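Down below is the structure, laid out as structure tokens.
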Amino acid sequence: MAKKSPVMKMDIGISEKDRAAIAKGLSHLLADTYTLYLTTHNFHWNVTGPMFNSLHVMFMEQYTELWNAVDPIAERIRALGHVAPGSYADYAKLSSLPDAPSVPPKAMEMVRLLAQGHEAVARTARSLFPVVEKASDEPTADVLVQRLAVHEQTAWMLRSLLEE
């Protein structure tokens, strides 16, 4: 049997304890982001009604943005020396969002659910700041600030559609 090569000790100026706490929080953010991606894609496929075209296109823009967000989050977890979760079972345990409804709701209920989803992801991202700031982890803070800007703006736009 071949010998496993030794793993180089990591010293990036953030303690192992803080890296573990940040990676754990980012794992929750990754799970929330992926779950919201899947729900948004589901709604893109299944939206119907008078606003079909505009919602179909908007949901596509949103799920594409979410899809592009999962990689930087997962890679930040890896840069901190931890394994990024990558299974539906992991995401079901880690996500604060419910799974997409098995029966697609009406269009405006989709919009409401997505607005709530973006708000939930924003809360998850925001909850990481205390440990990130304590550890002076600016790269993770940068990821969080970018994600917050997207989720808060998207939630606002979705809520605006629900106004009478």
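Observations, loosely collected:
- Neighbours of ARG112 by Cβ distance under 15 Å: Lys/Arg scored +1, Asp/Glu scored -1, total -2.
- Charge tally for VAL143 (other residues, Cβ to Cβ under 12 Å; Lys, Arg +1; Asp, Glu -1): -3.
- Positive-end residue of GLN62, TYR88, TYR34, charge dipole of the stretch 1-111 with Cβ unit charges: TYR88
- Lysines with Cα under 29 Å of LYS9, excluding same-chain neighbours fewer than 8 positions away: LYS17, LYS24, LYS134
- Residue-by-residue Karplus 3J(HN,Hα) for the stretch 101-112, coefficients 6.51, -1.76, 1.60, Hz, glycine and proline x: x, 6, 9, x, x, 5, 3, 6, 5, 4, 4, 4
- Put a plus charge on the Cβ of each Lys and Arg, a minus charge on the Cβ of each Asp and Glu, and nothing anywhere else: the dipole of the chain about its Cα centre is then about 640 debye.
- Shape class of the chain from the Cα gyration tensor (axes a ≥ b ≥ c, square roots of the eigenvalues): prolate, since a/c reaches 1.5 or more and a/b is larger than b/c.
- Environment charge of ARG123, counting only residues whose C-beta is closer than 13 Å and scoring Lys/Arg +1, Asp/Glu -1: -1
Throughout, read-outs are computed from the coordinates displayed, never taken from laboratory work. Worth saying up front: this structure is predicted, and the values here are computed from it rather than measured. Every residue, glycine as well, gets a Cβ built from its backbone with ideal geometry; the counts of neighbours run over all protein chains shown.
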